[in-house]
Structure formats: structure tokens, C-alpha cells
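Written out below as C-alpha cells is the structure these notes cover.
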């Protein structure tokens, strides 16, 4: 089913993709900062990256099922919100365990983006 406003859908999809990828890329800048600030080992930094990427990868298929049930725009909006909450909470993290938790939450939110922004983008021809 094509949206009634294909250009708006394309713009929203592009914005969501930009935000999710931007947050993901920002991690590479933050890892050395966190390593120094919280005295993290290389293994702990690797586990932080794995938590985010793993949650993102694991949630892509369930996000697809949810999108079929509730619609892609709702799932994408909820996922983008969850990613924002996770990254916002990272600002309050005081150590390794909170960082791990908040990055996992953000990863689950970002898992809604990968497949969800592909199909709305094809509608805006």
C-alpha cells in the first residue's frame, strides 16, 4: 500500500535513516572517551559495541513482524523514539553497566530502521 504523501514519506524515511546511522557512527567517537572516563578495557569497549550491534541485528526480524501487524510508520517512529531514549540515557550513565544497558536499548530501537526505511523509500517514485 503506497502512502498518500509519498514525498513526505520519503523525507521521513531519509531523516530516520540519517538519525539512526548518525547515532551509530557517533559511537566510534564516544568509545575512546568512555574508555578513558570510566577506565574501560578494550574487552569492555568491544562488549559495548557488541551490545549495540547485537541488539540491532537481533531485533530486525521481530521489527519486520511488528511492522506487518502495526504498520511500518508506527514501528519506525517507535524505534526511533527508543533509540533517542537510549542515547539520551547514555548521558546519565556513570559506568560500564549503565552504558551496556542503554546501548542495548538504543540498539533495539535502531533494529527497527534497517528494513523499515527501505520499503517506504521505494514508494516515493
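Throughout, read-outs are computed from the coordinates displayed, never taken from laboratory work. Keep in mind the model is a prediction, meaning the values are calculated, not measured. Please note: Cβ atoms are built from the backbone with ideal geometry, for glycine as well, and neighbour counts cover all protein chains shown.
What to note about this one:
- Residues listed by number, the stretch 78-117, amide nitrogen under 18 Å from residue 33 label point at 7 Å toward C-beta: 84-104, 106-107
- Estimated FRET transfer efficiency (residue 18, residue 50; beta-carbon r; R0 35 Å; 0.05): 0.90
- Value of relative contact order over the stretch 28-123, rounded to a whole percent, pairs C-alpha under 8 Å and six or more apart: 38
- Per residue of the chain, the DSSP helices (runs of n ≥ 4 H) give a summed -39500 (n - 2.57) that works out to -28500 deg cm²/dmol at 222 nm.
- For the chain, built as a Gaussian network whose Cα springs stay under 10 Å, the top-fluctuating residue of 12, 51, 43: 43
- Note on residue 97/residue 8: beta-carbon distance plugged into 1/(1 + (r/R0)^6) with R0 of 35 Å gives a FRET efficiency of 0.30.
- Helix 6-37 axis, angle to the chain major axis (alpha carbon atoms, nearest 10°): 10
- Angle between the chain longest axis and helix 72-90 axis [Cα atoms, degrees, rounded to 10]: 20
- Within a Gaussian network of the chain (alpha carbon springs, distance under 10 Å), most fluctuating of 94, 111, 54: 94
- Choice from 99, 76, 30 showing the highest fluctuation, given a GNM over the chain with Cα pairs closer than 10 Å: 30
- Compared with the dominant Cα axis of the chain, that is its longest principal axis, helix 42-70 is turned about 20°.
- For the chain: rounded, prolate or oblate by the Cα gyration tensor [a/c cutoff 1.5]: prolate
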